[in-house]
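What follows is a short report on a single structure.
The values are calculated or read from the model by the stated rules, or taken from the named source; none is laboratory data. None of these values were measured; they are calculated from a predicted model. Because the Cβ atoms are built from the backbone with ideal geometry, glycine has one as well, and the counts that use them run over all protein chains shown. Remember, those area values only see protein heavy atoms, side chains included, never the ligands or the DNA or RNA. Shrake-Rupley method; radii C 1.70, N 1.55, O 1.52, S 1.80 Å.
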Amino acid sequence: MFITFEGIEGVGKTTHLKWMATALTDVGIPVLVTREPGGTPMGEEIRDILLVHRHERVAPLTELLLMFAARAQHVDTVIRPALAADRWVLCDRFVDATYAYQGGGRGVPEGLIRELESLVLGSFRPDHTILFDTPVEIGLQRVKERNNGHDRFEQEKMDFFERVRMEYLRIARLDPERYEIIDATKPLVEVQQSLSRIMTEILEKHGVH
Ligand code: TMP
């Protein structure tokens, strides 16, 4: 199973991903936790390039190509081998983030993203994607409280994140088979109950007991 976790900044997806990884490990499923951009030594270097503040304007196409460069490395050297070894891969963001941030946020035409997606991934897609949704003000407030400095994306204005959120929701609603939308404003226990339900459904659907 290849499961991806998505959402704007401050939705708590990283915490929820770790919770699910522990829950799966507890029932004896071997899990690999990874993230994008990153997940490989080279990918993490590309991540640094993408997130650091710089005076130079970053062209949307440069950003897009770097996201896919890191992804090509990640899929080839980490994700596919792990899946081939029967591990479940839980990934903090994947290609949907590119549609949401570079497409929705930066205005890169969807067709261009689709071309790169098909070049880099072929028909490879996540089996399930969990989208954590929260109003932008709430997400950004949480980022502020985290107080660990703002990266290049976190510096963006509200309207950027509104577009990212809307694009995520639009994509998710197009394919309810693959996407689960979780209201991340709910208390932690309720979010975990939803995750538990999703996990049980996935396990049952794929005949794991
Ligand atoms: P995060 O993993 O700490 O949330 O930060 C990664 C940042 O990179 C986040 O702001 C979203 C952004 N991003 C994109 O813009 N496009 C992508 O394809 C991915 C994977 C991430």
*Given LEU116, LEU112, which one is within 20 Å of PHE68 (Cα to Cα) and either open to solvent by less than 40 Å² (accessible area, probe 1.4 Å) or part of a strand (DSSP E or B) (or both)?*
LEU116
*Could you run through segment 173-205 and say how many residues are within 22 Å of MET1 (Cβ to Cβ), outside any strand (DSSP E or B) and either open to solvent by 80 Å² or more (accessible area, probe 1.4 Å) or free of Cβ contacts under 8 Å to residues at least 60 places away in the same chain (or both)?*
12
_Wholly enclosed helices (runs of 4 or more DSSP H) of segment 1-103 bearing at least 1 residues surrounded by 14 or more Cβ atoms within 10 Å (Cβ to Cβ) and within 11 Å of the ligand (Cβ to nearest atom)_ = 13-26, 41-51, 60-74
*Among the residues of segment 153-172, how many are under 17 Å from the mean Cα position of the chain (by Cα) and assigned to a loop (DSSP other than H, G, I, E, B)?*
2
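Can you report the number of residues in segment 136-154 which are in contact (Cβ under 8 Å) with a residue 24 or more places away in the chain and in contact with a helix residue (DSSP H, G or I) (Cβ under 8 Å, 6 or more places away or on another chain)? Give the steps one after another, and end with the answer.
Restricting attention to segment 136-154, the residues satisfying the condition of being in contact (Cβ under 8 Å) with a residue 24 or more places away in the chain are 136, 138-143, 146, 151-154.
Of the ones still in play, those that are also in contact with a helix residue (DSSP H, G or I) (Cβ under 8 Å, 6 or more places away or on another chain) are 136, 139-140, 151-154.
Going through segment 136-154 one residue at a time, the tally reaches 7.
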*Name the residues in segment 83-141 that are hydroxyl-bearing (Ser, Thr, Tyr) and either closer than 23 Å to MET158 by Cβ or in contact with a Ser or Thr (Cβ under 6 Å, 6 or more places away or on another chain) (or both), would you?*
THR98, TYR99, TYR101, THR129, THR134
*Write out, first by first residue and then by second, each pair whose Cβ atoms fall under 7 Å of each other, whose residues are 6+ apart or on separate chains, and whose first residue, in segment 55-67, is farther than 12 Å from ILE113 by Cα while the second is open to solvent by 40 Å² or more (accessible area, probe 1.4 Å) and assigned to a helix (DSSP H, G or I).*
LEU66/ILE49
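Each row is one residue, and each column tells you yes or no for (1) out of contact with any Cys (no Cβ under 6 Å at 6 or more places or on another chain); (2) surrounded by 16 or more Cβ atoms within 10 Å (Cβ to Cβ); (3) under 30 Å from HIS55 (Cα atoms); (4) modelled with pLDDT under 95.
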position: SER123; (1), (2), (3), (4): yes, no, no, no
position: HIS128; (1), (2), (3), (4): yes, yes, no, no
position: PRO135; (1), (2), (3), (4): yes, no, yes, no
position: VAL143; (1), (2), (3), (4): yes, yes, yes, yes
position: GLY149; (1), (2), (3), (4): yes, no, yes, yes
position: GLU154; (1), (2), (3), (4): yes, yes, yes, yes
position: PHE160; (1), (2), (3), (4): yes, yes, yes, no
position: ARG163; (1), (2), (3), (4): yes, yes, yes, no
